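Notes follow the structure.
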Amino acid sequence: MGDVPLTPLGITVLGLLSERPMHPYEMYRLASVRRGDQLVKIKPGSLYHTVSILEKRELLASIGTDREGNRPERTTYGITARGRMALEHQTREMLAIPVREYPRLPLALAEMHNLPAATACEMLRIRLTHLDETIANFETDYKAMNGVEKPRIFTVGADYAHALTVAEREWINALVNDIESGEMPWLSQELIDRMPGSTY
């Protein structure tokens, strides 16, 4: 019964409900506070859709509705025993078994020799700017989390994503320096001709 495939957002929803019953807006707010967007794409519409699917699959259930002032009624959901089993099963599997996910960056790096060296460096410097923004935003949000709710166990996934981003920034910066200094020679026809096995 625990072997029920879950989407990343489904895992996030069930993980939040394993703490306590919540309505979808509360799930969205809490996931955002904990930097859930570092780990999974979260939008209110997709979150409501995921809740609906999980309810149909009996992984969560409605436990009541409430209304605050003139706001629409909000349905509160709780995780079911079936949902908890699915969450625990998939979490164990994801922690233990590496999965090759084929991100875009390694492929782009493998093919960047098809660009002039100056162009590749220019594109990588643009990426460095985006990475700097991501790191700065995380650090700003991290400080804000200290004043709201930040037991480390709830943010360790975002901590890992942040550490990877910092490591990527350092690695790419060093790569750009190696290309621009000539430490890493750029591909040329002469270099291709000197490579072992250059003809097939």
Open item on the list: To test your reading of the geometry: what angle, between 0 and 90 degrees and rounded to tens, separates the Cα axis of helix 117-146 from the longest principal axis of the chain?
Closed with: 30
- [ ] Grab the Cα-Cα distance for R74 and N177, subtract it from 0.36 nm times how many residues apart they are, and report the gain in nm with one decimal.
- [x] 31.7 nm
TODO: Beyond 14 Å, what share of the Cα-Cα pairs of the range 1-87 is found? Please give it as a whole percent.
DONE: 61
TODO: Compute the relative contact order of the range 1-144 as a whole-number percentage, counting only Cα pairs closer than 8 Å that sit 6 or more residues apart in sequence.
DONE: 28
Open item on the list: Given a 1.4 angstrom probe, I'd like the percentage of the accessible area of the chain that is carbon and sulfur, rounded to a whole number.
Closed with: 56
Task: Inter-site label distance for D159 and T140 at 7 Å from Cα along Cβ, in nm - done: 2.4
Task: Structure-based [θ]222 nm, the chain - -39500 (n - 2.57) summed over DSSP H runs of at least 4, per residue, nearest 500 - done: -20000 deg cm²/dmol
TODO: Note the angle between two axes, namely the Cα long axis of helix 44-56 and the longest principal axis of the Cα atoms of the chain, as a number of degrees from 0 to 90, rounded to the nearest 10.
DONE: 60
TODO: Could you list the GluC sites (Glu not before Pro) in the range 67-100 that lie in coil according to DSSP, counting only those with at most 16 other Cβ atoms within 10 Å of their Cβ?
DONE: E68, E73
Task: Extent along principal axes [Cα atoms of the chain; Å; largest to smallest] - done: 72, 40, 28
Open item on the list: Output the 0 to 90 degree angle, nearest 10, between the alpha-carbon long axis of helix 24-33 and the longest principal axis computed from the alpha carbons of the chain.
Closed with: 40
Open item on the list: Rolling a 1.4 Å sphere over the protein heavy atoms, what is the accessible area per residue of the range 44-115, to the nearest Å²?
Closed with: 75
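The values are calculated or read from the model by the stated rules, or taken from the named source; none is laboratory data. Fair warning: this is a prediction, and the values are worked out from it, not measured in the lab. Positions of Cβ are generated from backbone atoms using ideal geometry, with glycine treated the same way; all protein chains shown enter the neighbour counts. Side chains are part of the model used for accessible areas, which takes the heavy atoms of the whole protein and leaves out ligands, DNA and RNA. Shrake-Rupley method; radii C 1.70, N 1.55, O 1.52, S 1.80 Å.
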